[in-house]
Each structure stands twice: as structure tokens, then as C-alpha cells.
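K.L.:
The following block contains the structure, expressed as C-alpha cells.
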Amino acid sequence: MAGHSDNVLALPSFEGDRPSVLIVIAPYYGAIATQQLASARRVLEEAGATHETVELPGSLEIPTAIGIAHRQAEFDGYVALGCVIRGRTSHYDVVVGESARALATLGLGGACIGNGIITVENMEQAEERADADRLDTAGGAAAAALHLIALQRAMKKAPQGIGFKPGSAPRDG
Ligand SMILES: Nc1c(NC[C@H](O)[C@H](O)[C@H](O)CO)[nH]c(=O)[nH]c1=O
Ligand SMILES: CC(=O)[C@@H](O)COP(=O)(O)O
């Protein structure tokens, strides 16, 4: 199960061209991170993807790490895993908001990223979302990355037009 969805998509198949995925995790809460990693790896392996894992101190560093890997390595996609639990100050809003915004910006820039950063009010909510037999948000994030990789590959194979697109020629005058 991935989150609250009642209509989870089937994993894409890659027909021999195995995607390579980098898992970027901030194991801020150890037991939660262990569950997230196991679930994300299970989903990636079910789809035939290869994977590597890097760790960062906190979720705020995850987008920067993915940006570095996207510029300097050859991964097809990325799974961001972390757990942010609200404290007594506004720092929660910074970590949650900025990590989500930065990941979305990287995605719009062409990185295939599944965002599995858990953002919750308390540990009970975190445990429910990290549990592969309950909400399994890490598995859902791995699946999301795989779907984006499959989409990117399908689009690259789509026939490209030659010259101008109909109706796009510059108009006189
Ligand atoms: N409070 C949590 C953090 N805070 C640390 C930040 O993510 C970051 O590492 C720090 O501000 C230095 O840049 N990180 C989490 O992943 N989860 C938290 O609950
Ligand atoms: C998400 C956080 O940064 C938070 O856990 C830090 O706690 P606090 O806001 O009490 O400093």
C-alpha cells in the first residue's frame, strides 16, 4: 500500500534495461530509517532496478545531495527518504517546506525523484507511514521514482518532429 491511495499503479517494467537508482536517506530517526530503506529497496528490486544508498545528517540536506549526484553521476532516478517530526519551533516548517520545494525544483529540472520524506506531528504517525504493511510511504516513493524513469524513457523514444511545429512558424509583419 502506498499512502492512503485506493488505486496504486502497477510498477513499470524495464525489459532488460535496468534503471539505476540512488537512495538518499537522512536517518534522523534510526528505526524509522531502517524500515524506510528496507521498503524502498524491496520495491526497486521488484522492478529490477539497481540501487545505491547515501546518508546525510538531515532531510534539509537531501535535495543538495541529489543535486550533486544528478550533476556528477549517472543515476536514472532518486528516492529521497527522511522523517521530520514537528518540534517546538518553526524549524519544522523550514525543513519540510524547503526540502519539498528543492526536490520539486530538481524534478522540474529533469531529475526523476520520489519524495519519501515523512512529515508528521509525532512518532506514532511516523511509524504508521514507515511501516511497509501500513502506509509504506517509502515504497510509494520508490515506485514514484520508477514511474518517472519509465516516463522519461518513453518520451525520449517518442518520434521528434523535424523543423518547426505546425503553426509555430514566425508570422510576417
Ligand atoms: N528536526 C529534524 C531535522 N533537522 C535537521 C535538518 O534537516 C538539517 O540537517 C539541519 O538543519 C542542518 O542543516 N532533520 C530531519 O530529517 N528530521 C527532523 O525531525
Ligand atoms: C523538525 C525540526 O527541526 C524539529 O524537530 C526541531 O525541534 P524544535 O523545533 O523543538 O527545535
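The values are calculated or read from the model by the stated rules, or taken from the named source; none is laboratory data. Just so we're clear, the structure is a prediction, and the values are computed from it rather than from any experiment. Counting neighbours? That spans all protein chains shown, and the Cβs are built from the backbone with ideal geometry, glycine included. With ligands, DNA and RNA removed, areas are computed over all heavy atoms of the protein, side chains included. Shrake-Rupley method; radii C 1.70, N 1.55, O 1.52, S 1.80 Å.
K.L.:
Hey, can you find the accessible area per residue of the chain for me, probe 1.4 Å, expressed in square angstrom?
P.N.:
Per-residue value: 58 Å².
K.L.:
Report the GluC sites (Glu not before Pro) located in the stretch 1-49 that are in a DSSP loop and have at most 15 other Cβ atoms inside 10 Å of their Cβ, or state none.
P.N.:
Glu15
K.L.:
If you take every residue apart from Ser13 with its C-beta less than 13 Å away from the C-beta of Ser13, what net charge results, scoring Lys and Arg +1 and Asp and Glu -1?
P.N.:
For residues surrounding Ser13, the net value is -1.
K.L.:
Using a 7 Å offset from the Cα along the Cα-to-Cβ direction at both Arg101 and Lys165, what is the distance between the two label points in nm, to one decimal?
P.N.:
Placing both labels 7 Å along Cα→Cβ, they lie 3.0 nm apart.
K.L.:
Kindly express, to the nearest 10 degrees and within the range 0 to 90, the angle between helix 137-157's C-alpha long axis and the longest C-alpha principal axis of the chain.
P.N.:
Once rounded, the angle reads 10 degrees.
K.L.:
Now for a different question. Sort the following peptides by mean Cβ neighbour count (other Cβ atoms within 10 Å, averaged over residues), highest first: 86-92, 58-64.
P.N.:
58-64, 86-92
K.L.:
Evaluate E = 1/(1 + (r/R0)^6) for Tyr92 and Glu15, where r is the Cβ-Cβ distance and R0 equals 41 Å; express this FRET efficiency to the nearest 0.05. Can you show the working numbers first?
P.N.:
Working: r = 43 Å, r/R0 = 1.04.
So, using R0 = 41 Å, E works out to roughly 0.45.
K.L.:
Got a sec to turn the phi values of the stretch 59-71 into Karplus ³J(HN,Hα) couplings, 6.51 cos²θ - 1.76 cosθ + 1.60 with θ = phi - 60°, whole Hz, x for Gly and Pro?
P.N.:
Listing the rounded values in order: 5, 5, 8, 4, x, 4, 5, 5, x, 4, 5, 5, 7 Hz.
K.L.:
With r as the distance between the Cβ atoms of Gln152 and Glu128 and R0 = 35 Å, compute the FRET efficiency 1/(1 + (r/R0)^6) and round to 0.05.
P.N.:
Given R0 = 35 Å and the Cβ-Cβ separation, E is 0.65.
K.L.:
I've got another one for you. Taking H as built 1.01 Å from N, whose amide H comes closer than 5 Å to the amide H of Cys112, not counting residues under 5 places away?
P.N.:
Tyr78
K.L.:
Helix-derived [θ] at 222 nm for the chain: sum -39500 (n - 2.57) over DSSP H runs of at least 4, divide by residue count, nearest 500?
P.N.:
-14000 deg cm²/dmol
K.L.:
Moving on. Of Leu9, Ala141, Met155, which is farthest on the positive side of the dipole of the chain, counting Cα position, with +1 on Lys and Arg Cβ, -1 on Asp and Glu Cβ, and the Cα centre as origin?
P.N.:
In the chain, that residue is Met155.
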